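Remarks on the structure that follows.
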Amino acid sequence: MAACSSSFTFCNHTTLHSLPQRKTSLIKTHFSVPTKSSESNFFGSRLSHSSYISPISSHSLKSSIFAKVNKGQAAPDFTLKDQNGKPVSLKKYKGKPVVLYFYPADETPGCTKQACAFRDSYEKFKKAGAEVIGISGDDSASHKAFASKYKLPYTLLSDEGNKVRKDWGVPGDLFGALPGRQTYVLDKNGVVQLIYNNQFQPEKHIDETLKFLKAA
């Protein structure tokens with residue numbers, strides 16, 4: 001018998017910080033949340049009957065509005081392990097533009113689409129002189145398998161515990177239940193020049209970052 005589900009509509013904000021003034025468009029998304037009889041992977045987060053989405057609190061609302069890393073600010077350095085278990089520091093990439101994208105999880109539909117879209121456009125990023133780096137809370141072994149399976153030519157960093165994600169103030173979706181999908185473009189001096197957030201159109205991150213790099 002088919003699993004029952006309850007449906008509701010929520011609004012997700014897609015924010016593009018490519019101009020001095022912030023422009024925000026509202027995307028309305030409709031989906032079903034599984035009930036007790038089913039559970040599903042949804043853009044990098046598993047939802048089940050035990051999942052609970054709390055009402056918006058003043059703290060979560062404040063966190064989603066006021067990012068810790070903003071356009072025009074020097075990106076804070078960090079050191080994380082890559083897919084081969086080797087420590088990598090952000091500062092090693094100074095001198096060239098960096099496209100740093102935070103994504104929910106390896107091997108989920110949206111994240112796989114995004115990873116492969118970066119792969120397919122990787123030569124265009126290289127032509128623009130930019131380095132591509134992906135970050136999620138998965139461990140190095142998961143990243144290695146993910147990169148190998150889809151032949152990803154760029155670095156994946158393991159942010160276990162999501163410390164860097166929290167330090168950078170990457171906003172979550174579903175009131176924090178779903179890790180956010182946010183991309184930063186840093187210039188050769190390590191200054192943030194673009195912040196693009198779009199959970200439900202993962203391939204748009206590639207379009208927007210390439211457009212920005214070509215215009216820069």
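Structure above, values below:
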| item | result |
| --- | --- |
| Heavy atoms of D207 accessible to a 1.4 Å probe, total area in Å² rounded to 10 | 80 Å² |
| Average accessible area per residue (Å²) across the stretch 163-216 - probe 1.4 Å, nucleic acids and ligands excluded | 39 Å² |
| Mean Cβ count within 10 Å, highest first, over the residues of peptides 129-140, 71-82 | 129-140, 71-82 |
| Cα gyration tensor shape of the stretch 93-143, rounded if a/c is under 1.5, else prolate or oblate by comparing a/b with b/c | oblate |
| Share antiparallel - DSSP beta bridges, the stretch 122-216, percent rounded to 5 | 60 percent |
| Shape category assigned to the stretch 147-216 from the gyration tensor of Cα positions, a/c cut at 1.5 | rounded |
| Anisotropy class of the stretch 54-199 from Cα gyration tensor, a/c 1.5 cut | oblate |
| Computed over the stretch 122-216: relative contact order in percent, which uses C-alpha pairs under 8 Å that are six or more apart | 19 percent |
| Protein accessible area in the stretch 104-162, 1.4 Å probe - carbon and sulfur % | 48 percent |
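The values are calculated or read from the model by the stated rules, or taken from the named source; none is laboratory data. Quick caveat: nothing in here was measured; it's all calculated off a predicted structure. Positions of Cβ are generated from backbone atoms using ideal geometry, with glycine treated the same way; all protein chains shown enter the neighbour counts. Calculation scope for accessible area: heavy atoms of the full protein, side chains included, ligands and nucleic acids excluded. Shrake-Rupley method; radii C 1.70, N 1.55, O 1.52, S 1.80 Å.
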